[in-house]
Amino acid sequence: MRHSIFALLIGLGISSTASAAELTADEQAVWQLEEAYWRYVQAGDVENYVTLWHERFVGWPCFSAEPSDKSKIGGWVQEIRDNRLKFTYELRPLAVRVFDDVAIVQYAAEYVTQYDDGTRSGAGIWRKFTHTWKKTDGRWQIITGMCAAQAPLVAPRS
């Protein structure tokens, strides 16, 4: 019970930190780039999407069984564009922190892809994201990230 209350208090504290009124100018700028990320995905705009990623990026996308580098990061956006898929999303910002030239962003996202045959994938599935951004030559870019299922993993005891 104590762990649940503690987790709830931490969750509430983190959630309140993402309030736009409390963000610094750099934190707001980085969050706006996260929002641009999703607009680019929805539009199938691979060219602008890949500009958000640092050349030396390494991270673990939702759709991958292993870490990826920048060369593979735009494939899912290209699929949306090339197949003219309908893509919708909802974001829940949870935390944004800037430490000099590095920013950490954590949020939840639900994204849904609708296919030509009327089927959909992703509805009701919330994922948690962490992106780490680095400011180089006055420009923020993602240097690493991780995506995972939103629900915490509960390991069985034996």
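Please state the charge dipole magnitude for segment 7-156, taken about the Cα centre, from unit charges on C-beta atoms (+1 on K and R, -1 on D and E), reported in debye and rounded to the nearest 20. Before the final figure, lay out each step's value.
Values: 15 positive and 19 negative charges, 43 e Å.
About 200 debye.
When the Cα positions of Val112, Trp126, Val46 are compared along the charge dipole of the chain, Trp126 comes out farthest toward the positive end, with charges on each C-beta of Lys, Arg, Asp and Glu. In terms of the Cα gyration tensor, with a ≥ b ≥ c the square roots of its eigenvalues, is the chain rounded because a/c is under 1.5, prolate because a/b exceeds b/c, or oblate? The shape class here is oblate. Just to confirm the filter: which GluC sites (Glu not before Pro) across segment 35-83 are DSSP coil and have at most 14 other Cβ within 10 angstrom of their Cβ? Passing both the DSSP loop test and the Cβ count: Glu55.
Where Lys and Arg each count +1 and Asp and Glu each count -1, what net charge lies around Ala151 among other residues with Cβ under 11 Å from its Cβ? With Lys, Arg at +1 and Asp, Glu at -1, the net is +2. Rolling a 1.4 Å probe over the protein heavy atoms gives the chain an accessible area of 63 Å² per residue. Sites counted here are trypsin sites (Lys or Arg not before Pro) in a DSSP loop (not H, G, I, E or B) having no more than 16 other Cβ atoms within 10 Å; the longest part of the chain that contains none of them is 85-156. Highest average first, the peptides 111-117, 28-34 ordered by how many other beta carbon atoms sit within 10 Å of their residues are 28-34, 111-117.
The values are calculated or read from the model by the stated rules, or taken from the named source; none is laboratory data. Only a predicted model underlies this, so the values are computations on that prediction, with no experimental measurement involved. Glycine gets a Cβ as well: all are built from the backbone with ideal geometry, and neighbour counts include every protein chain shown. Areas reflect the complete protein model, heavy atoms only, side chains present, ligands, DNA and RNA absent. Shrake-Rupley method; radii C 1.70, N 1.55, O 1.52, S 1.80 Å.
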